[in-house]
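**Student:** Pasting a structure below so you can have a look.
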Amino acid sequence: MELLNIQNLLLIAAKSIAVYAFIVIAIRIFGKKELAQLSVVDLVFILLISNSVQNAMVGPDNTLLGGLAAATGLFLINYVLKQLSYKFPWFSKSLQGESTMLIYNGKVIHKNLEKALISIDELEAAVREHGVKNIKEVDLAVLEVDGSVSVLSDNFKHKTSRRKKAHKALNKQQ
């Protein structure tokens, strides 16, 4: 392989890493919901973003090697971020966010609902998914960092945690 081609592949990998970092930061800044809570609008947004940055990563190089270089860069940055998240809890918290209490002792914490962009109707549906009839019966409901909602009821004895269908479908593919 000639030196120019190797430099081009390294450039593709570097551009892919830059785009990855940009997307992660932008999603954190703009407060998109967790994966398990993606609406149709969020899903379309993610699909269009991925399409719009493809050329920024690989440019005119649509060869197999160009695609592999982009994928290698993405795998590399993903691995590095996971290692940093594991070794440094503060980094994980800043990258992924933290759990958010939504209900405590039957009372909705409205400021946290607003922060998480969850409507009262969505919260009520999540509570019902856990087999609890209404919010007043919930001792504690938490939006976890993975997008699932955990619910404690029956005097903090009964705990359930469920993921929405999008999360289940993604986990089956892994």
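The values are calculated or read from the model by the stated rules, or taken from the named source; none is laboratory data. All values derive from a computational prediction rather than experimental measurement. Virtual Cβ from ideal backbone geometry, glycine too; neighbours counted across all protein chains shown.
**Student:** Among the residues of segment 49-68, is any within 30 Å of ASP121 (Cα to Cα) and either in contact with a Gly (Cβ under 9 Å, 6 or more places away or on another chain) or modelled with pLDDT under 85 (or both)?
**Tutor:** If we filter segment 49-68 for residues that are within 30 Å of ASP121 (Cα to Cα), which is where we start, we get 49.
Narrowing the set further to residues that are either in contact with a Gly (Cβ under 9 Å, 6 or more places away or on another chain) or modelled with pLDDT under 85 (or both) leaves 49.
Yes, segment 49-68 contains a residue that is within 30 Å of ASP121 (Cα to Cα) and either in contact with a Gly (Cβ under 9 Å, 6 or more places away or on another chain) or modelled with pLDDT under 85 (or both).
For (1) farther than 19 Å from ALA26 by Cα; (2) surrounded by 12 or more Cβ atoms within 10 Å (Cβ to Cβ); (3) among the charged types (D, E, K, R); (4) free of Cβ contacts under 8 Å to residues at least 24 places away in the same chain, each residue gets a yes or a no:
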position: GLN54; (1), (2), (3), (4): no, yes, no, yes
position: ALA69; (1), (2), (3), (4): yes, yes, no, no
position: GLY97; (1), (2), (3), (4): no, yes, no, no
position: LEU102; (1), (2), (3), (4): yes, yes, no, no
position: LEU140; (1), (2), (3), (4): yes, yes, no, no
position: SER148; (1), (2), (3), (4): yes, yes, no, no
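**Student:** Anything in segment 71-95 that is touching a residue at least 60 places away in the same chain (Cβ under 8 Å), within 19 Å of the chain's Cα centre (by Cα) and closer than 19 Å to VAL53 by Cβ? List them, or say none.
**Tutor:** Matches in segment 71-95: LEU76, ILE77.
**Student:** Tell me which residues, restricted to segment 137-147, are within 15 Å of ASN112 (Cα to Cα) and out of contact with any helix residue (DSSP H, G or I) (no Cβ under 6 Å at 6 or more places or on another chain). Even if it seems obvious, please write down each step before you answer.
**Tutor:** Step one: of segment 137-147, the residues within 15 Å of ASN112 (Cα to Cα) are 140-145, 147.
The answer is LEU140, ALA141, VAL142, GLU144.
**Student:** Here is a further query. Out of (1) in contact with a helix residue (DSSP H, G or I) (Cβ under 6 Å, 6 or more places away or on another chain); (2) assigned by TED's automatic domain parsing to the domain that holds LEU11; (3) farther than 30 Å from ILE6 by Cβ, the odd one out for THR72 is which?
**Tutor:** The failed condition is (3).
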